[in-house]
Amino acid sequence: MNMIAVDDERLALKALIAAIKEAAPGSEVKEFLYAEDALEYAEENPVDVAFLDVEMADISGVELARRLKNKNPDVNIIFATGFGEYRDSAFELHASGYLTKPITAEKVKKELAELRRPVTEKERVRIQTFGNFQVFVDGKPIVFSRKKTKELFAFLVDRHGAFVTTEQIAATLWENESYDTKLKNNVTATVSQLRALLRDKGAEDILIKSRNNLALDVNKVSCDAYDLEKMEPMAVNAYLGEYMSEYSWAEVTVGRYEQMVRRDDK
């Protein structure tokens with residue numbers, strides 16, 4: 001989720017930014033003291049949510065909201081102010097929310113949960129499988145500190161939303177090792193590391209956990225491989241025969257994709 005916060009009082013802006021980051025960890029938040037700078041940023045960057053102070057010296061928050069909506073009608077506007085008399089203007093602009101100061105993380109979290117135009121995780125999490133495997137959240141690549149954590153995520157992507165058990169994970173990621181207590185603990189630790197990493201990015205809910213089962217919620221991500229499954233032209237043209245090249249277990253899927261593409265060419 002890409003957000004901006006605009007307030008011409010530096011201390012108030014810092015407090016607002018702190019509340020937003022606590023309420024939505026992992027989200028991109030740009031801060032602006034001047035409305036014109038925020039408008040310039042919005043010209044080149046998609047903005048999902050804009051937190052705007054109402055009373056500012058250069059341009060009022062209400063006028064800024066109008067200009068932002070002219071650029072992007074789908075932007076969610078949340079007014080942040082110490083005054084209550086601007087609610088009518090907020091409603092006229094179909095604002096998503098209205099925060100009164102002092103602003104807290106709880107207030108921000110509540111407003112983000114009730115956005116007029118919700119931002120789905122699918123817009124935030126992009127998965128690249130053609131060539132080497134990579135995952136992006138809000139356009140930034142995830143850095144995996146452990147190879148097995150990354151491979152686990154790749155395995156879940158390859159399963160296309162099907163649940164996998166601890167035993168299946170062990171057999172795939174540690175194929176030459178016997179399944180014993182030590183290996184089971186390694187799998188459990190790897191699952192925990194993946195969940196913690198996604199939690200830090202504010203995207204943990206793309207995983208579905210049920211007792212001894214784990215799956216990827218494919219409805220909350222975008223993925224080139226899933227687009228290829230639907231035979232979308234851009235994905236078909238982008239696929240050059242390489243899929244998760246670093247993982248030998250992905251060769252079965254490569255064979256299936258080769259058949260799909262050849263069949264489509266006939």
Within-10-Å neighbourhood charge of Met234 [Cβ basis; K, R +1; D, E -1]: -3
Starting from the Cα-Cα distance between Tyr34 and Glu63, subtract it from 0.36 nm times their residue separation and give me the gain in nm to one decimal. 9.1 nm
Spatial separation of Cα centroids for region 132-185 and region 1-33, in angstrom: 34 Å
Checking the table Lys109/Lys201; Lys110/Lys209; Lys30/Lys150; Lys147/Lys182 against a 23 Å threshold on Cα-Cα, which pairs fail? Lys110/Lys209; Lys30/Lys150
Per-q log10 I(q)/I(0), the chain, q = 0.07, 0.13, 0.16 Å⁻¹ (Debye; single scatterer per alpha-carbon; no solvent): -0.34, -0.89, -1.10
per DSSP, antiparallel bridges as share of beta bridges in the chain, % nearest 5, sits at 40 percent
Per residue, how much accessible surface does the chain expose to a 1.4 Å probe? Answer in Å², no decimals. 54 Å²
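What is the extension gain from Val143 to Met231, computed as 0.36 nm multiplied by their sequence separation minus the C-alpha to C-alpha distance, in nm to one decimal?
28.7 nm
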Normalised by the residues of region 1-66, what does the relative contact order come to in percent, with Cα pairs under 8 Å and at least six apart? 43 percent
Roughly how many nanometres apart are two label points built 7 Å out from the Cα toward the Cβ at Glu258 and Lys14? 6.0 nm
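Cβ under 9 Å from Arg195's Cβ, Arg195 left aside: what net charge do those residues give with Lys, Arg +1 and Asp, Glu -1?
Details: positive: Arg199, Lys209; negative: Glu204.
With Lys, Arg at +1 and Asp, Glu at -1, the neighbours total +1.
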Theoretical ellipticity at 222 nm over the chain - DSSP helices of four or more residues, -39500 (n - 2.57) apiece, nearest 500: -13000 deg cm²/dmol
Can you give the three extents of the C-alpha atoms in region 134-245 along their principal axes, from longest to shortest, in whole Å? 46, 30, 25
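Which value, in debye to the nearest 20, gives the size of the charge dipole of the chain about its Cα centre, when Lys and Arg are +1 and Asp and Glu are -1 at the Cβ?
Dipole magnitude for the chain comes out near 1000 debye.
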Length released on extending from Phe136 to Asp74, taking residue separation times 0.36 nm less the Cα-Cα span: 20.0 nm
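The values are calculated or read from the model by the stated rules, or taken from the named source; none is laboratory data. Fair warning: this is a prediction, and the values are worked out from it, not measured in the lab. Heads up, the Cβs are rebuilt from the backbone with ideal geometry, glycines too, and the neighbour counts pull from every protein chain shown. Calculation scope for accessible area: heavy atoms of the full protein, side chains included, ligands and nucleic acids excluded. Shrake-Rupley method; radii C 1.70, N 1.55, O 1.52, S 1.80 Å.
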